[in-house]
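J.: Pasting in a structure now, in structure tokens, and then I'll have a few things to ask.
Here, each number is a calculation from the coordinates, and none is a lab measurement. Keep in mind that what you see is a predicted model, and the values were worked out from it rather than measured. Note: ideal-geometry Cβ built from the backbone for every residue, glycine included; neighbour counts use all protein chains shown.
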Amino acid sequence: MNEGSTCFLYLTTGANAPLFLFASIYSGLGSVKNNHINHHPKILVVDDIPVNIQLLQAFLATQNYKTFIARNGEEALQQVETVEPDLILLDVMMPKMNGFETCRQLKKSEKAKYTPIIMVTALNEIESKIRGIEAGADDFISKPFNKLELLARVRSLLRVKMLHDQLQEKISQLERAKERLRELALTDGLTGLYNYRHFKDVLSMEVRRAERHRISFSLIMFDIDYFKQYNDTHGHLAGDKVLQGIASLVSNNIRKIDVAARYGGEEFAVILPNTPAANARIVAEKLRKLVEQFPFEFQETQPNNRITISVGVSSYPTGGRTFETLVACADKRLYLAKARGKNIVVDEGGC
Ligand SMILES: [Mg+2]
């Protein structure tokens, strides 16, 4: 089992979602790419004396590190923005901004706050080490430096940096997977519309919002006429295509703030926030017409040679003031629409 599998199991338990969903999520997680294996780590050398820079650069180049230079603290702060080094070698004694202050600034910056910093001190004194630690330095090396010691310290901190980067990458993969899971948990698998669960949440929320702000909103519910007959004649795969076709007709013809959901079977619901009954009727009528005019496969075998929908509309507060009463009202009107011959919108009576 690699690390990816561990995340997979963790998410499975955490979200309590059906297993089949995870195939796609898992493939997205994959294993973390190790950037440090295929690229030479980037080291920023900060020193005010050119010969010191040259010495360090020459040595680091022999170890396959890619070096960048800054001659003072300000340059270092600029360099980290573009170079994004994996490690910084920072001279303590510099004019203007000294190494301690530079270190503090680097650790405050967004780009370098997790970049390890080795302070290069001329004096091997305890006081400057303490100041360095206080400024956020991760390690120290004394000048003139011992090559093996420098190398050991550089390698050890690069390992830390690599682990940190991998962890960050894992975290963002998990965030993306969680986001995807969240979407899946709210979505109807066949049509891509929201599912009943989300519909219920949104409608309940709209009720609370409408109560508080004293605004109205509307609920459209519709179902496909003679759908059982269509399924029985042409099979469920053909029926599924009709459901998908209607779902895209709906989602392409409502506002961004509206919420379309598959209520169940061949029943759909659309929540229209901030929309009074009169306007909801226009939307409902538009959807009814769109479905009626859409050339569905095998429609000629249906009554009237078309796929049609019957539509019920209820609005807050006249049609109901709670989730249950609004749904019951739209549902009753939907059945009135059926009783009156189907392929119509009913937005009054019955409630
Ligand atoms: Mg110096």
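J.: Can you classify region 196-346 as rounded, prolate or oblate using the Cα gyration tensor, where a ≥ b ≥ c are the square roots of its eigenvalues, rounded means a/c under 1.5, and otherwise it's prolate if a/b beats b/c and oblate if not?
T.: Details: a/c = 2.09, a/b = 1.91, b/c = 1.09.
Taking the square roots of the gyration eigenvalues as a ≥ b ≥ c, region 196-346 is prolate.
J.: For a quick protection proxy, order the peptides 63-69, 240-246, 221-227 by their average other-Cβ count within 10 Å, most packed first.
T.: Descending mean neighbour count gives 221-227, 240-246, 63-69.
J.: Now for a separate question. With labels modelled as points extended 7 Å from the Cα through the Cβ direction, what inter-label distance (nm, one decimal) is found for residue 211 paired with residue 110?
T.: 4.1
J.: Sticking with the crude label model, points 7 Å out along Cα→Cβ, report the distance from residue 282 to residue 81 in nm, one decimal please.
T.: Those two pseudo-labels are separated by 5.0 nm.
J.: From the square roots a ≥ b ≥ c of the eigenvalues of the alpha-carbon gyration tensor of region 48-99, which class results: rounded (a/c under 1.5), prolate (a/b over b/c), or oblate? Walk me through the numbers before you get to the answer.
T.: Working: a/c = 2.40, a/b = 1.27, b/c = 1.89.
Oblate, because a/c is 1.5 or more while a/b does not exceed b/c.
J.: Using per-residue counts of other Cβ atoms within 10 Å, averaged over each peptide, order 289-295, 261-267 from highest down. The partial results should precede the final answer.
T.: Working: 289-295: 14.1, 261-267: 19.4.
Ranked by mean Cβ neighbours within 10 Å, highest first: 261-267, 289-295.
J.: May I pose another question? Can you tell me how much longer the chain between residue 126 and residue 328 gets when fully stretched, taken as 0.36 nm per residue apart minus their C-alpha distance, in nm with one decimal?
T.: Details: separation 202, 0.36 × 202 = 72.72 nm, distance 7.79 nm.
64.9 nm is the gain from fully extending residue 126 to residue 328.
J.: May I pose another question? Can you tell me which of 330, 210, 177 moves the most in a GNM of the chain? Springs connect C-alpha atoms under 10 Å apart.
T.: Sorting by GNM fluctuation, first place goes to 210.
J.: Let me ask something additional. Given Cβ point charges of +1 (Lys, Arg) and -1 (Asp, Glu) and nothing else, what value in debye, to the nearest 20, does the dipole of region 32-180 about its Cα centre take?
T.: Numbers: 22 positive and 20 negative charges, 105 e Å.
Roughly 500 debye, rounded to the nearest 20.
J.: Need one number: % antiparallel among DSSP beta bridges in region 57-208, to the nearest 5. Present the calculation step by step, with values, prior to reporting the outcome.
T.: Working: 1 of 9 bridges.
That works out to approximately 10 percent antiparallel.
J.: Give, rounded to the nearest 20 debye, the magnitude of the charge dipole that region 103-225 has about its Cα centre when Lys and Arg contribute +1 at Cβ and Asp and Glu contribute -1 at Cβ. Let's see the in-between values first.
T.: Values: 24 positive and 18 negative charges, 120 e Å.
The calculation lands at about 580 debye.
J.: What residues from region 146-178 fall in the zone where the backbone N is under 19 Å from a label point 7 Å along the Cα-to-C-beta line of residue 58?
T.: 146-151
J.: As a check on your grasp of the helix formula, calculate [θ] at 222 nm for the chain: sum -39500 (n - 2.57) over DSSP H runs of n ≥ 4, divide by the residue count, round to the nearest 500. Walk me through the intermediate numbers first.
T.: Details: 13 runs with 185 residues, N = 351.
Taken over the chain, the calculation gives -17000 deg cm²/dmol.
J.: Work out how much length residue 152 to residue 185 would gain on full extension: take 0.36 nm times their residue separation and subtract the Cα-Cα distance, in nm to one decimal.
T.: Working: separation 33, 0.36 × 33 = 11.88 nm, distance 4.90 nm.
Fully extending the segment from residue 152 to residue 185 adds 7.0 nm.
J.: Then there's this: Sequence neighbours fewer than 8 away in the same chain don't count; with that in mind, list the lysines whose C-alpha is under 23 Å from residue 338.
T.: Here the lysines satisfying the reach criterion relative to residue 338 are 228, 241, 286, 289.
J.: Same structure, new question: What fraction of the DSSP beta bridges in the chain is antiparallel, stated in percent and rounded to the nearest 5? Display every interim value, and only then the final one.
T.: On the way: 20 of 40 bridges.
Roughly 50 percent of the DSSP beta bridges within the chain come out antiparallel.
J.: On to the next question. What is the Å³ per residue value for the convex hull set by the Cα atoms of the chain? Kindly include the intermediate steps, with their values, before the conclusion.
T.: Values: hull volume 73.0 nm³, N = 351.
Cα convex hull per residue, to the nearest whole number: 208 Å³.
J.: Which of the peptides 145-154, 275-284 is most tightly packed, and how do the rest follow, going by the mean number of other Cβ atoms within 10 Å of each residue? Write down the numbers at each step before the final one.
T.: On the way: 145-154: 14.7, 275-284: 18.6.
Output ranking for 145-154, 275-284: 275-284, 145-154.
J.: Just to be sure I understand: with springs between alpha-carbon atoms less than 10 Å apart, which residue in 309, 271, 49 has the highest mean-square fluctuation in the Gaussian network model of the chain?
T.: Answer for the Gaussian network model of the chain: 49.
J.: Report the label-to-label distance for residue 257 and residue 244 in nanometres (one decimal), using points 7 Å from each Cα along the Cα→Cβ vector.
T.: About 3.2 nm, to one decimal.
J.: Stretch residue 299-residue 175 to full length: gain in nm at 0.36 nm per residue minus the Cα-Cα span? Can you show the working numbers first?
T.: Details: separation 124, 0.36 × 124 = 44.64 nm, distance 4.42 nm.
Here the answer is 40.2 nm.
J.: Among DSSP bridges having both ends in region 196-346, what percentage is antiparallel? Round to the nearest 5. Mind showing how you got there, number by number?
T.: On the way: 19 of 21 bridges.
So the antiparallel bridges in region 196-346 amount to around 90 percent.
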